[in-house]
Amino acid sequence: MRPVHLFLGVIIILAFATANAEKFDTAVLQGLDKVTARVSTFSAPIGQTVQFGTLEIITRVCDKRPPEEPPESAAFVDVSEARLGEPTVSVFRGWMFASSPALSAMEHPVYDVWVLDCRNTRSPDAGN
């Protein structure tokens with residue numbers, strides 16, 4: 001990562017962290033399989049592993065600014081590749097931003113994954 005991108009990433013993270021973002025329990029991600037050119041949208045509940053091709057994705061945090069502020073959703077994700085008969089390899093760990101997917105992009109020869117949104121799937125009156 002170039003120093004300019006790293007600096008911009010730190011500035012955006014700090015600005016996002018101070019914006020009183022709400023916490024959500026599910027990240028909405030989108031993935032591209034570059035071999036088949038198929039795009040898939042899928043939900044990734046916080047702390048649970050979801051599969052996309054050979055990738056295993058765990059979303060750690062998903063934050064979204066309130067409606068009265070400039071729109072932004074961000075998720076901290078861990079992405080590993082698990083191929084049959086091979087050890088699992090970490091391919092990405094960090095923040096992904098819906099408004100700037102290229103700022104902190106996962107680099108992989110077969111797959112692209114990026115965050116679209118954050119949502120709450122549990123009912124507000126469920127007592128959680």
Residue by residue through segment 41-55, which ³J(HN,Hα) values in whole Hz follow from phi under the Karplus form 6.51 cos²θ - 1.76 cosθ + 1.60 (θ = phi - 60°), with glycine and proline marked x?
10, 8, 8, 10, x, 4, x, 10, 7, 10, 9, 9, x, 8, 8
VAL61 long-range amide H proximity, modeled H, under 5 Å:
PHE76
I want to check the label-to-label distance for ASP33 and ALA82. Put each point 7 Å from Cα in the C-beta direction and report it in nm to one decimal.
1.8 nm
Just grab the label-to-label distance for GLN51 and SER100, each label 7 Å out from Cα along the Cβ direction, in nm (one decimal).
3.5 nm
Quick one: what are the phi-derived ³J(HN,Hα) couplings along segment 109-121, Karplus 6.51/-1.76/1.60 with θ = phi - 60°, whole Hz, x for glycine and proline?
x, 10, 10, 10, 9, 8, 8, 10, 6, 10, 9, 9, 9
For the residues GLU68, GLU86, what sequence is obtained by ranking on other C-beta atoms within 10 Å, fewest first?
GLU68, GLU86
Rounded to one decimal in nm, the spacing of the 7 Å Cα→Cβ label points at SER90 and ASP25 is 2.8 nm
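Coordinate-derived values only; no laboratory data. Every value quoted in this text rests on a predicted model; they were computed, and no experiment measured them. Heads up, the Cβs are rebuilt from the backbone with ideal geometry, glycines too, and the neighbour counts pull from every protein chain shown.
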